[in-house]
Structures are given as structure tokens and as C-alpha cells.
Amino acid sequence: PFCSLIRAISRGLRHACAASMRVLAAAVVLATTEALVRTTHFSRGRTRTLTTMKALRGGGIVKATRAVITRFPLASVGAALAIGLGTGLYAAAPVMDVFERYHTAADIPNHRFQDHDAFSVVVVKVADGDTLRVRHVPALDFARGRWRPKSRAEGGKLKLSEETLQIRLYAVDAPETAKFGNKGMPMGDEATAFVKRIEGKRVRVTLQSKDQYGRAVAKISYGLFRKDLSEELLANGLATVYRSAGAEYGQGRTEEYWNLIEGRAKTLRKGVWKDGKAADPAAYKRKVKAGK
């Protein structure tokens, strides 16, 4: 929790510095524009125009800004208040993320996906080898869940869809299990059982994107050494590389990285590769959708 808070504060300070630089640049542009516009008028405002131009030539940014503030005092105060409030809220947003709890994937702000943020969750239910539901645990959870309403899977009254984030593992596609009257794929139950080992445990989620079903596509790290669940599934022959549209392979990684892991499992004939060839989950889902 402490490290998460430090990272959030650091990110907030970076945002604040970036915003400050934009404010400074805007002040320079404003000063320059005002000076150039005023030089076209040869009326009673000539003295103030010359004051601004002199500030630009001899006094630098500080004097130029001071000249603009002197010329437009009320507007400058209003702009300063607006900029200060906006910058403060912008910088504080990452820090507030440390305290906020997300009930569903829809609650997660887009900027957290864009920044590929990570946070702690508790695995509530495993649907199959690449889909599971988790409960978000804020970095600073002072209540420690004592007053948290429980989902039905945890003995409470709320639906899983109301109180948990639906996660789709990144980079891999696990064999489908039997559901809705459809026959499951080979090794589908084994892949699900592998993931069920972390059910009820606290793990770390690293956000990648949202898929077409509103699920959070994410990396899940677990255990003392932060094992990558997607890598573990692939290495044990319990999944294949996800190659359909919208595939996410992680920061600094490409499809080739995952192909190498899959290739080793295939060579060793692990899991779905025991007969030398694995069934394609994507093709299976297309057949099910077509009613075949």
C-alpha cells in the first residue's frame, strides 16, 4: 500500500509539472500576443504597449508576464484561479485512485487503462481458463473490507456483476469449457482448474484495455515472485496465443515473445499439444456461434 501511494503521488507530481510548463508557455504566448497586437494601435495605450515590449526585450519572461498582469489585473486573477484549480484537480486524480474502489470494470477510469496501471484484487470466481471475476482492493483500504457488501459467491446478496470486475487474461486463449449445452474443448477443464488455484487469493492486475464485452483485458500476477498467469498457462500447454482482433501482448512485448513460449510447450507436447496439434478456441467459438 505504501509503495502504491508513493507511485501515485509521484505520478501526480509529474502531471503537475507538465501542467505548470503548459501554463508557463501559455503566459509567454499571451504576453507576446498582447504586445504585438497593441503595437498596431497608436492611441492613448501607446505607453502601455511600449512597457510590454520593453519587458519582452530586456526583462524576459517574468517582466513580460508582469506587464500583462498589470494591464489585465482582474482577468489575470481569474485565469490564475482557474488554472490553479484545474492543475490541482488534475494532479490529485492519480492520488485519489489509491482510495477509490471499483465495483465493476465500467467504474475504472480510461486513464488507468491508458497508463496500464496496476492494483490489487481478490479472485472471487473463475469462469474458465482465461476469464475470471475479481474484487478490487484499494491500496489504502482502511476498512479492510469489514463493511464491504459481499457478492453471492462470497455468501452475500449482491450479484457478481454488481460487485466484481470481469477480467479477460491478456495474450492467451484458453480452451473453452462445456456451457449452455455445448461440449467443451479438450483440456478446458484442466485450464480452469489451473486458474482456480488462485481463487480466493490476492493477486495483482495490470490493465491493458477493455474488450468488446466491457471486460478488462489485463495481466494477472500472483505468488511471491509475481508469476504471470498468462505465461504460466501458455508454458504448460493450457492455452494458445490469442491472435484475434484486439490482441494485447503487454508493454515491451510482441506476438513473437508469446509464440516462443507456445513453441516450447508444443515441442514438449504439453497440454493441448499432447497430440501434436491443438484445437483453435477462436474457431470453436465461431462454430458455437453459428450453431454447429
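Taking a sphere under 13 Å around the Cβ of Ser221 and counting the other residues whose Cβ falls inside, with K and R at +1 and D and E at -1, yields a net charge of +3.
Between Arg269 and Asn110, how high is the FRET efficiency from 1/(1 + (r/R0)^6) when r is the Cβ-Cβ distance and R₀ = 35 Å? Nearest 0.05. Could you put the intermediate results ahead of the total?
Numbers: r = 43 Å, r/R0 = 1.21.
The value I calculate is 0.25.
Given the pairs Lys183/Lys210; Lys201/Lys274; Lys196/Lys227; Lys125/Lys274; Lys210/Lys266, which span a C-alpha to C-alpha distance of over 26 angstrom in this model? Let's see the in-between values first.
On the way: Lys183/Lys210 28 Å; Lys201/Lys274 30 Å; Lys196/Lys227 15 Å; Lys125/Lys274 28 Å; Lys210/Lys266 30 Å.
Beyond 26 Å: Lys183/Lys210; Lys201/Lys274; Lys125/Lys274; Lys210/Lys266.
The Kirkwood radius of the stretch 156-268, taken over pairs of alpha-carbon atoms, gives through the Stokes-Einstein law at 25 °C and 0.890 mPa s a diffusion coefficient of 162 µm² s⁻¹.
Ordered by the number of other Cβ atoms lying within 10 Å of each residue's own Cβ, fewest first, Phe119, Phe113, Phe225 fall into the sequence Phe225, Phe113, Phe119.
Viscosity 1.002 mPa s, temperature 20 °C: give me the Stokes-Einstein translational D for the stretch 215-292 in µm²/s, with Rh taken as the Kirkwood radius over C-alpha pairs. Intermediate results must be reported in sequence, preceding the final value.
Values: Rh = 13.8 Å.
So the translational diffusion coefficient is about 155 µm²/s.
Taken together, the values in this text are just the output of simple stated rules run on the coordinates, not laboratory data. Everything quoted here is computed from the prediction, not taken from an experiment. Cβ sites come from the backbone with ideal geometry, for glycine too, and all protein chains shown count toward neighbours.
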